[in-house]
Amino acid sequence: MRFIHLLLILCLSSLTYAADNFDFSGKSTFPELRDAYLNLNKRYGYCMDQRKRPLKPIKNAWLTSLSKKDKGVVLMKLNDIAFNRCVKTETTKFNDALVEYTIETQNFEAIETWVSLNKPFKPEESQAALKKLDQNEIEKLSHYPELYAPFSPIEAVKMITK
């Protein structure tokens, strides 16, 4: 359970960290990049708020058959998929603005900050557990209405293990 909490904290702190290294929202930043950053930050907030929504029961025989640990790994992966889906449009717009800014200014600080923030955090233990699980089942679950938008993996684990 501490592992899940750690991942959530890391996800929440990413944009704050970015602002500390490069002032994406500063007045001296190109307006297109600043606007894209502010829109992305707003969307991150919306998607984070989606995690607070009440979950409907998740009915899937494969998922309920897994150990509690494997359920947690699968639900963290599913939430990651849902969150990335939620921020995809704004992330793409921000990435485009960032590349354009970098090309025009030849200033690589912003893109280096963004790249370092977007290195995936994938502990070996969870990756090993994920690899042994049926990826087709995970893909199917990622399209379930209950799991399509970001959700609280902690609440989902509690719901499934009752």
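For segment 85-120, residues that are open to solvent by less than 20 Å² (accessible area, probe 1.4 Å) and of a type in the set (V, I, T) total 3. Taking first residues from segment 50-63 that are within 11 Å of L147 (Cα to Cα) and partners that are open to solvent by less than 30 Å² (accessible area, probe 1.4 Å) and among the hydroxyl-bearing types (S, T, Y), the Cβ contacts under 8 Å between residues at least 6 apart in sequence or on separate chains come to R51/S152; L55/S152. Checking the structure you have, find out if any residue of segment 68-82 is in a loop (DSSP other than H, G, I, E, B), among the β-branched types (V, I, T) and either within 13 Å of the chain's Cα centre (by Cα) or on the phi < 0 side of the Ramachandran plot (or both). Looking for residues that are in a loop (DSSP other than H, G, I, E, B), among the β-branched types (V, I, T) and either within 13 Å of the chain's Cα centre (by Cα) or on the phi < 0 side of the Ramachandran plot (or both), one finds none in segment 68-82, hence no. Among the residues that make up segment 106-125, is at least one of them β-branched (V, I, T) and touching a residue at least 24 places away in the same chain (Cβ under 8 Å)? Among the residues of segment 106-125, at least one is β-branched (V, I, T) and touching a residue at least 24 places away in the same chain (Cβ under 8 Å), which makes the answer yes. Residues in segment 121-162 that are outside any helix (DSSP H, G or I) and either open to solvent by 100 Å² or more (accessible area, probe 1.4 Å) or within 24 Å of Y46 (Cα to Cα) (or both): 11 in all. Taking into account only those residues within segment 42-62 that are in a helix (DSSP H, G or I) and touching a Phe, Trp or Tyr at 6+ places or on another chain (Cβ under 8 Å), which is least open to solvent (accessible area, probe 1.4 Å)? Taking the candidates together, the pick is C47. Among the residues of segment 96-111, those that are over 16 Å from L40 (Cα atoms) and among the β-branched types (V, I, T) comprise T102, I103, T105.
The values are calculated or read from the model by the stated rules, or taken from the named source; none is laboratory data. In this text the structure is predicted, and so the values were computed from the model without any measurement. Glycine also receives a Cβ, built like all others from the backbone with ideal geometry; neighbour counts cover every protein chain displayed. The accessibility values were calculated without ligands, DNA or RNA, using every heavy atom of the protein model including side chains. Shrake-Rupley method; radii C 1.70, N 1.55, O 1.52, S 1.80 Å.
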